[in-house]
Amino acid sequence: MKMFKTLCFASALLVGASTGAMAQAISLEGGQDVDMVLLPKFLGILVFDQANEGAQEAHAELNNPGELLFVGPTPENSVAGQIEIMTTSATQGQGAVMLSNNAGDQIVPSAKAAQAAGTKIVTWDSPIPSGEGEDVFVAQVDFGSIGEVMADMALSILGGEGQMAVLSATPDAANQNAWIASLKEVLATNAKYSGIELVDTVYGDDQSEVSYNRALALVDKYPDLGLIMSPTTVGIQASSKAMQDEGLCDQVKVSGLGLPSEMLSYTLNGCAPEFALWDFRDLGYLTYYTAYGMATGQLSGEIGETFTAGRMGDYTIEEDPGRPGSKRILMGPFTVYTSENVEAAAN
Amino acid sequence: MTNPNAGSAHSSKSLFAKLRSWEAFLTFALILIILVNSTLIPQYFTIANQINLFQLSIEKVIVALVMTFVIINAEIDLSVGSIMGLAACLFGWLFQNGISAEMAIVIVMIAGGLAGALNGYFIAIVGLPSLVVTLATLIGFRGLARVLVEDRGITGFPDWFDALGQQGLIGPVPFSFFAFIVLFIIAFIILHRSAFGRLTYTIGNNREVAEFAGVNTAAVKMKIFISSGLVAAFAGLLYAARVGAVRGDVALGFELDIITLVLLGGVSIFGGSGTMVGTLLALLIVLNLRNGMALMNVTGHIQTGVIGLLLIVSVVLPRLELTRLFNSHNSQGTKQ
C-alpha cells in the first residue's frame, strides 16, 4: 500500500502539470484517527440531515476511530453561530470542518484561523464566495447543466412535443433566472427539442398559495398545456397539488426541481412523473471522503489530484470555473427521480 | 406586591440589599460554571480560548453596557441590532464608493448618533412608547442596511482595519477587549458616581415624580438614546473588522441577546433598578456558559434553550419568595 502510494506520488510528480484525468486515482487508506465536524447552515432541515447520513456512512466505511460531529446553529443565529462553531473547532483541534457556508465572506477570518491551527476547511453545498479560508469546495452539480436536465425531462414527459410553461420563484431570483435562461437557450439551439414550445413564464413568489393559483391560471390560459416546469421546490410541490386537487394530472404534468420527500405521492400517482435534484446523502458522503483524505494528509488538495471516493468512484480536484483561483470537486450530475427511485430517496 | 422594583416607596436600603443578593447569586452561578468548564474541558483555560470567548460576543456585550442605562430608565431599545447592521453596511458601502476607511468610520459614528437621536426624538420629545418607536426603527434601519449593500457581501477592507478586529493589540489581546474595559469603567462611573446616573434611576422609577421635581426628563432620555446609537454603531464597526466583511444581515437579532444579558444581570424591565456589576456578571455567565457548551459540542437549539431558561429564571426568581430568602441572609431585616 505504501509502495503504491509512493508510486502514485512519484507518477503525479512526473506527470506534473498534465490533466487530472490522466493521473492515477489515489485510494484512501482507512483506519486513521481524525476528528471532524460537519457544519450545516443550520439544524432542522431535512437535506442537511441527509448529508449527515451520507457522512456517517463514509465515516463507518473508512473505519475512522475519531469522532464525526454534526453540530450547527439555529436558523436565527446562523451567521454568528457558524463563526462560533468554526472558532470552537479550531480550539478543539479538529482535523477538518465540513462547512455548508451561510455566512458569506464573514466566515473568512475564523476559517483562516482554523486553517492556521491545522484544521482543513472543506465546503459543500454552499462555498465561501472569495474562496479564502477554504481548501476545496465539493460542488453538488454544475449549475450550467440545469437547462439541459430540464429540457430532457420535458422531452420525456411530453413524448417529444407539446406546450410547456415555467412557474418560477420570484422575478428577481438570480439563480432561477439563470436556470430559465439556460433552459431557453437549450430549447432554441438543440434541434432535439424543436417539438417543445415554451409558452409562458410566471412567478409564484416561492409561496405555496401563490404558486398554486398561478399553476391553475396557466391551465385556464393555455388549454393545450402539457407540462408545468418549476425550478423551485416550493413551486413544483404547489403545482403538483393544484393539478391533483383539480383532477388535471392526466392532461398537465409537473416537473422541475423538487425534494423527493415532498414529491413522493405526486410522483407515484403520476402527477409529477419526473423531477430532478442532487442527492444530499451522496454529497455528504463525497464531502467526508474529501475531508478525510485531506485531514489525514493522504490528499494534498492540489489541482489535478484524483482520488477514489468509495462507492461513488473517482473524483478530481479542479479549478472552480465560477470562482477563479478556488478549487472544487464536482459531484454532478443531477439525479432524476421517477417512480423507480423516489421512494428510496424520500426516506 | 405585583412588582418589587417599580415602586418608588422603597427605601434605598432595601433596594440595595436586594441587588446585592442577586449579584451574590450571579457570582455563585459564574463560579459554578467556571468550575464545571475547567474540570470538563481541557482547552477551556487556554489563553486562546479565553480570548475567543470574549471576542465572539464582544459587540453584544459592549452594547449591553448602554442597554443597561436604557432599561434602568424604563425604556427599551430594540433597534440596536439594526443600527449595528446599518453601521457595518454603511461603512462597507462608503468604502466601496472610494471613501477612505478613516473617513468612513467618522461618518458611520455620526450616522449612529443620528439614528439614536431619531429614536430619542420620538420617545423623549414626541412621547411615543420606546417599544413602538424602536420596533419601527428596527425594521427601518435594517431595511436601509439591506438597500445599501443589497444581496452582495462587501469585503477587502484595509489591512489595519481587519487587524484591529482580528489580531492582538497588546500581545494576543485584541483592541475590542480594551474598548470594552474602558467603556465599562466609563459606564460604571456615569451610572453609579454621577448626577446623570442618579437621574437615570429616578426617571426610571417614576417619570412623573421626576418631572414634578423639575428634572428635564426629555434631555436625559435623549442623551441615553443618542449614546445607544453611538455605541451600537461602534459595535457594528467592530463586527465588520472582526469578520472582515459585511452583508445586509449583520447583527440580525442581536438586540434580543443584548436585552437578555441586561435582564439576567438583574436590571428590572420596569426600570429603576439594576447595576453595572450585575450586567458584567451576567455577560460573564452567558459567555462562559456558551463557550463551555460549544466546546462540549452542544448544538445551537439546546444552547438557545439553556439561555432562554436562564432568562426565565432571572425574571421569575426575583419576584418569588426566594428573594426574601436571600435578603434575610444578606441584610438586617430591611424588608417590609
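So B:Gly278 passes all but one of these: (1) within 14 Å of another protein chain (Cβ to nearest Cβ); (2) at pLDDT below 95. Which condition number does it fail?
Just one mismatch for B:Gly278, condition (1).
Does the range A:311-326 include one or more residues that are more than 18 Å from the chain's Cα centre (by Cα), small (Gly, Ala, Ser) and closer than 25 Å to A:Val199 by Cα?
no
With the condition kept exactly as written, say whether any residue in the range A:14-23 is assigned by TED's automatic domain parsing to the domain that holds A:Gln106 and modelled with pLDDT of 95 or more.
Within the range A:14-23 (the criterion being assigned by TED's automatic domain parsing to the domain that holds A:Gln106 and modelled with pLDDT of 95 or more), the answer is no, since none of the residues qualifies.
A:Gly133 passes all but one of (1) assigned by TED's automatic domain parsing to the domain that holds A:Asn213; (2) among the small types (Gly, Ala, Ser); (3) in a loop (DSSP other than H, G, I, E, B); which number fails?
Unmet condition: (1).
Just to confirm my filter: which helices (runs of 4 or more DSSP H) fall fully inside the range B:254-322 and include at least 3 residues that are without any contact (Cβ under 8 Å) to a residue 24 or more places away in the chain?
Because the criterion is at least 3 residues that are without any contact (Cβ under 8 Å) to a residue 24 or more places away in the chain, the helices (runs of 4 or more DSSP H) in the range B:254-322 that meet it are B:300-316.
When you look at A:Ala114, is it within 19 Å of A:Ala295 (Cβ to Cβ), buried (at least 18 other Cβ atoms within 10 Å of the Cβ) and within 14 Å of chain B (Cβ to nearest Cβ), yes or no?
Yes; evaluated as a whole, the condition is true for this residue.
Restricting attention to the range B:142-164, does a residue exist that is of a type in the set (Lys, Arg) and open to solvent by less than 80 Å² (accessible area, probe 1.4 Å)?
So far as the range B:142-164 goes, yes, one or more of its residues are of a type in the set (Lys, Arg) and open to solvent by less than 80 Å² (accessible area, probe 1.4 Å).
Residues that are polar (S, T, N, Q), at least 3 per element: which helices (runs of 4 or more DSSP H) completely within the range B:156-234 meet that?
Because the criterion is at least 3 residues that are polar (S, T, N, Q), the helices (runs of 4 or more DSSP H) in the range B:156-234 that meet it are B:195-205.
Can you tell me which residues in the range A:60-84 are at the interface with another protein chain (Cβ under 8 Å from one of its Cβ atoms) and of a type in the set (S, T, N, Q)?
A:Thr74, A:Asn77
Being surrounded by fewer than 13 Cβ atoms within 10 Å (Cβ to Cβ) and modelled with pLDDT of 90 or more is true for just one of A:Ala154, A:Ala174, A:Ala188. Which residue is that?
Going through A:Ala154, A:Ala174, A:Ala188 in turn, the sole match is A:Ala188.
With A:Thr170, A:Thr87 as the choices, which residue is within 13 Å of chain B (Cβ to nearest Cβ) and either closer than 25 Å to B:Thr304 by Cα or touching a Leu at 6+ places or on another chain (Cβ under 8 Å) (or both)?
A:Thr87
Quick one: which residue in A:Asp142, A:Asp125 is open to solvent by 40 Å² or more (accessible area, probe 1.4 Å), among the charged types (D, E, K, R) and under 15 Å from the mean Cα position of the chain (by Cα)?
Unique residue meeting the criteria: A:Asp142.
Exactly one condition in (1) in contact with a Ser or Thr (Cβ under 7 Å, 6 or more places away or on another chain); (2) of a type in the set (Val, Ile, Thr); (3) closer than 19 Å to B:Phe254 by Cα is false for B:Val132; which is it?
Among (1) in contact with a Ser or Thr (Cβ under 7 Å, 6 or more places away or on another chain); (2) of a type in the set (Val, Ile, Thr); (3) closer than 19 Å to B:Phe254 by Cα, the lone unmet condition for B:Val132 is (1).
Consider A:Asp105 carefully, then state whether it is over 22 Å from A:Leu330 (Cβ atoms) and within 21 Å of the chain's Cα centre (by Cα).
yes
Among the residues of the range A:270-284, count how many are closer than 16 Å to A:Ala238 by Cβ and either open to solvent by 40 Å² or more (accessible area, probe 1.4 Å) or out of contact with any Cys (no Cβ under 7 Å at 6 or more places or on another chain) (or both).
Final tally of qualifying residues: 2.
If you go through the range B:175-191 one residue at a time, do you hit one that is closer than 21 Å to B:Arg207 by Cβ and under 17 Å from the mean Cα position of the chain (by Cα)?
Looking for residues that are closer than 21 Å to B:Arg207 by Cβ and under 17 Å from the mean Cα position of the chain (by Cα), one finds at least one in the range B:175-191, hence yes.
The values are calculated or read from the model by the stated rules, or taken from the named source; none is laboratory data. Please read all numbers here as calculations on a predicted model, not as lab measurements. Cβ: placed from backbone, ideal geometry, glycine included. Neighbour counts: every protein chain shown. Only protein heavy atoms, including side chains, enter the accessible area calculation; ligands, DNA and RNA are left aside. Shrake-Rupley method; radii C 1.70, N 1.55, O 1.52, S 1.80 Å.
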